[in-house]
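The values are calculated or read from the model by the stated rules, or taken from the named source; none is laboratory data. Since the model is a prediction, treat every value here as computed from it, not as a measurement. Neighbour counts are summed over all protein chains in view; Cβ atoms, including those assigned to glycine, are modelled from backbone coordinates with ideal geometry. Keep in mind that these areas ignore ligands, DNA and RNA; they rest on the heavy atoms of the full protein, side chains included. Shrake-Rupley method; radii C 1.70, N 1.55, O 1.52, S 1.80 Å.
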Amino acid sequence: MMEFQKEAGRIFAVEGDKLLAEVIFPARDGVAHIDRTFVDDSLRGQGVAGKLVRAAVDQIRADGMKAQPTCSYAVTWFENHPEEADLLEK
């Protein structure tokens with residue numbers, strides 16, 4: 001099981017010095033802009049991107065912010081998870 005590391009506006013996984021996966025969601029004025037989701041080719045098809053976005057959504061919600069997905073993966077993730085629509089910046 002891959003363990004994610006967290007820092008402000010970023011959740012990621014590394015192995016050694018290689019970045020394996022990350023989601024970046026910088027906050028501006030109470031809105032987290034989910035603008036990058038990356039998964040290394042070696043992990044594609046294993047649901048890692050979905051787990052990253054879920055972790056970001058949980059963090060954004062815990063921080064009392066709204067979300068604005070701008071990367072294509074995050075946009076699609078929200079379309080497939082209508083139960084999270086209340087988190088979206090209108």
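For segment 48-58, does any single residue satisfy the condition of being open to solvent by 50 Å² or more (accessible area, probe 1.4 Å) and either touching a Pro at 6+ places or on another chain (Cβ under 8 Å) or not in a helix (DSSP H, G or I) (or both)? The answer is no; no qualifying residue exists. Looking only at residues of segment 27-45 that are part of a strand (DSSP E or B) and over 21 Å from Gly64 (Cα atoms), we find that the one that is nearest to the chain's Cα centre (by Cα) is Thr37. Restricting attention to segment 2-26 and to residues that are open to solvent by less than 40 Å² (accessible area, probe 1.4 Å) and more than 11 Å from the chain's Cα centre (by Cα), the residue that is nearest to Asp58 (Cα to Cα) turns out to be Ala13. All of Val57, Val53, Val31 fail the test of being among the aliphatic types (A, V, I, L, M) and in contact (Cβ under 8 Å) with a residue 40 or more places away in the chain, apart from Val31. Is there a residue in segment 27-37 that is small (Gly, Ala, Ser), more than 13 Å from Phe4 (Cβ to Cβ) and open to solvent by 70 Å² or more (accessible area, probe 1.4 Å)? Within segment 27-37, none of the residues are small (Gly, Ala, Ser), more than 13 Å from Phe4 (Cβ to Cβ) and open to solvent by 70 Å² or more (accessible area, probe 1.4 Å).
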